[in-house]
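One structure below.
The values are calculated or read from the model by the stated rules, or taken from the named source; none is laboratory data. As the structure is a computational prediction, the values presented were derived from the model and not from experiment. For neighbour counting, all protein chains shown are included, and Cβ atoms are generated from backbone atoms with ideal geometry for every residue, glycine included. Each accessible area value is taken on the protein alone, full model and side chains, heavy atoms only, with ligands, DNA and RNA left out. Shrake-Rupley method; radii C 1.70, N 1.55, O 1.52, S 1.80 Å.
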Amino acid sequence: MKRFITLLLSTIAVLGMSAQIVEPIQWSATTTMDTETEGHITLSATVEDGWHLYDLTLPDGGPNPTKISFETTPGIRLEGDLIPSIPAKVCVDMIFHLELGWWESDVSFEQKFRIVDGESNRIDATVSFQACNGSSCIAPSREVFELVVNTPGATVTENNDVAVAVDKETTSASVNNEINDLWAPVEAGESAESISSSPWWLIFIWGFGGGLLALLTPCVWPLIPMTVSFFLKKGTPKGKSVRDAMIYGCSIVVIYLVLGLLITVIFGASKLNELSTNALFNIIFFLLLIVFAVSFFGAFDIKLPSKWSNGVDNRAERTTGLVSIFFMAFTLALVSFSCTGPIIGTLLVEAATMGNITGPAIGMTGFAIALALPFTLFAIFPAWLKEMPRSGGWLNSVKVVLGFLELALSLKFLSVADLAYGWGILDREVFISLWVVIFAMLGMYLLGKIRFSHDSQIEHVSVSRFFLSLISFSFAIYLIPGLWGAPLKGVSAFVPPLYTQDFNLYAGGQFEEFDDYEKGMRYAEVNNRPVLVDFSGYGCVNCRKMEGAVFDTDVVSDLIKENFVLIKLMVDDKQALSQPMTVEENGKKIVLETVGDKWSYLQRHKFGANTQPYYVILDGADGTMLTDARSYDENITEYVEWLNSGIANFKD
């Protein structure tokens, strides 16, 4: 356990990351002659762990697809289509709400060709691509390969180390006059901070909270005094009884931790990612949670076969010592499954949607610790047993409340599938309407106005029920403005995006921004303001997250409006420049043909970085940095502090 806690703490540690040029995709190319006149080209992409390369075709409105084109001399003819070595994994992106394909591991692409003129021997291959990971994207990049067709059986390999936008037909040697002193490289210092996108502590808290809820169910609560009394009445010294009870609690933790690890091993990292993005999985989760909710409402019980629990119970009676205690803990897990199963199922779904291989293990550990604590504590302090509330109708009420929560959560998964397939059955106002009704009905249930078949008559409303109903009604009222387009930032991670809202009274209010670096800098100099440069991209998922979670908040929006000139530069803008710009980078002359090429080069040349989102604060007069750069981090407080530090340094 000590080792596990140490590992857990090290996992959630936040580390700074200096600005740097990131090259997560390495390309190589070969040509192979299969016969005297037929051969094939192989373009291989090595994908760095944690990154993904986008598919060859993607829907409009999303990131940039991978594009591979060939130019051949007249005597060479391409045969057939470009074939990838493995199919792209198709997932539903919950930011763009599009079904996207990508590769998370090494992949190669094969193109066949035929020589129809023996004197022809050259093929030029151009690869345009973009890659992203959990917190950033690189700007669209290009690799160019000049491949020589050799004799039969021979293989010619070419590797390019620099991804550049090269136009071989352009021979201009002059640097475009738009690149001036404001483009001069800066000292980046400790630069952009990168915060882990996998909140392990949150998974653990979800698990621990689920364990506490499981304790309050009628399948578990009555077992606490029965089990603890059994240990204390075995006639063994108190010290040994306490030790046995602690072993019993540890056995519970081990059993549920092993269950989490089994889920992890069975599904693996890539499958867990599909659990959060694949439309079919989300439909399955929706139906699963509906079944759990109906079970908690009392329609039926979800039980394991009785022979399983009876068999384990008999095994516990026939054994002694530590083995007997372990089988008693296993019996508890099986007997209580009717109540804990739906909670565990929901927990594993949520842990899996975090998209990392150890999520279910950490979540189940939190669940098991919460479940095991009372058995251990009551064994150490047996006098507390007299203070425990007795079993009764309140336990059934807990199950029904959990049923309402399961029902509300199920809509989140249906929403993902609805957006993926474009059904349009769960637009934002429909989703919010259902939540308003669910939580209003939950409040009425807590006040005794709604009863299910297994509920007892409520003669009076307890103080706890009153306050819980107050919270439920208040939450329902909080949701109502969302029917007319209110942002509802407190639940923005659950409700569908605003663009699905048919009627929005809250549209507008965005701050103005420049999309041209030179114009924005000139405006800042004339008006004596610092500049906030936002390197973004149309295909950058986490750029959209930052805009919704940070920039759209009143405190950040007002701070930028009142103090900064905002320049947003889209590094994947495909609009052609009025005049191509020839620059030198890494000893090569490259031609910037699009607006995105220009801003991507600016980020690499001036700030030594190529991932997005990327934020810098500059002095509008000379283009110097006023504070360290920042990257993806949804912590609003830290972002405000960063903006204020830039303002203070500008005034100094």
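Couple of notes before you dig in:
- Matching residues in the range 605-627 - criterion: being in contact with a Lys or Arg (Cβ under 7 Å, 6 or more places away or on another chain) and at pLDDT 90 or above: Y615
- Residue pairs whose Cβ atoms lie under 7 Å apart, sitting 6 or more positions apart in sequence or on different chains, and linking a residue in the range 434-454 that is surrounded by fewer than 16 Cβ atoms within 10 Å (Cβ to Cβ) to a partner that is of a type in the set (G, A, S) and part of a loop (DSSP other than H, G, I, E, B), are F452/G298; S453/G298; H454/G298.
- Of everything in the range 628-650 that is modelled with pLDDT of 90 or more, among the charged types (D, E, K, R) and out of contact with any Ser or Thr (no Cβ under 6 Å at 6 or more places or on another chain), the residue that is most open to solvent (accessible area, probe 1.4 Å) is E641.
Rundown of residues vs (1) among the small types (G, A, S); (2) modelled with pLDDT of 80 or more; (3) farther than 25 Å from G207 by Cα, yes/no style:
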{"site": "M388", "(1), (2), (3)": "no, no, no"}
{"site": "G393", "(1), (2), (3)": "yes, no, yes"}
{"site": "L407", "(1), (2), (3)": "no, yes, no"}
{"site": "E429", "(1), (2), (3)": "no, yes, yes"}
{"site": "S464", "(1), (2), (3)": "yes, yes, no"}
{"site": "F475", "(1), (2), (3)": "no, yes, no"}
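- Long-range neighbours under 7 Å by Cβ, at least six apart or interchain, first residue among the aromatic types (F, W, Y) within the range 604-621, second assigned to a loop (DSSP other than H, G, I, E, B) and open to solvent by 10 Å² or more (accessible area, probe 1.4 Å): F607/A19; F607/V186; F607/A188
- Restricting the range 189-247 to residues that are open to solvent by 30 Å² or more (accessible area, probe 1.4 Å), among the β-branched types (V, I, T) and not in a helix (DSSP H, G or I), the residue that is modelled with the lowest pLDDT: I195
- Some residue of the range 493-502 being small (G, A, S), modelled with pLDDT under 80 and under 26 Å from the mean Cα position of the chain (by Cα): yes
- Boolean, E429 is acidic (D, E) and surrounded by fewer than 17 Cβ atoms within 10 Å (Cβ to Cβ): no
- Just one of the listed residues (V107, V148, V156, V162) is at pLDDT below 75, aliphatic (A, V, I, L, M) and more than 30 Å from M546 (Cα to Cα), namely V156.
- Single unsatisfied condition, K574 versus (1) within 20 Å of V22 (Cβ to Cβ); (2) out of contact with any Leu (no Cβ under 8 Å at 6 or more places or on another chain): (1)
- Among the residues of the range 628-652, just one is touching a residue at least 60 places away in the same chain (Cβ under 8 Å), among the hydrophobic types (A, V, I, L, M, F, W, C) and touching a Lys or Arg at 6+ places or on another chain (Cβ under 9 Å), namely F650.
- For the residues L53, L100, L58, the requirement of being open to solvent by less than 40 Å² (accessible area, probe 1.4 Å), at pLDDT below 90 and part of a strand (DSSP E or B) singles out L100.
- Taking each residue of the range 532-550 that is closer than 18 Å to L488 by Cβ and looking for partners that are modelled with pLDDT under 75 and assigned to a loop (DSSP other than H, G, I, E, B) with beta-carbon atoms closer than 7 Å, six or more apart or interchain, yields R544/I95; K545/I95; G548/S492.
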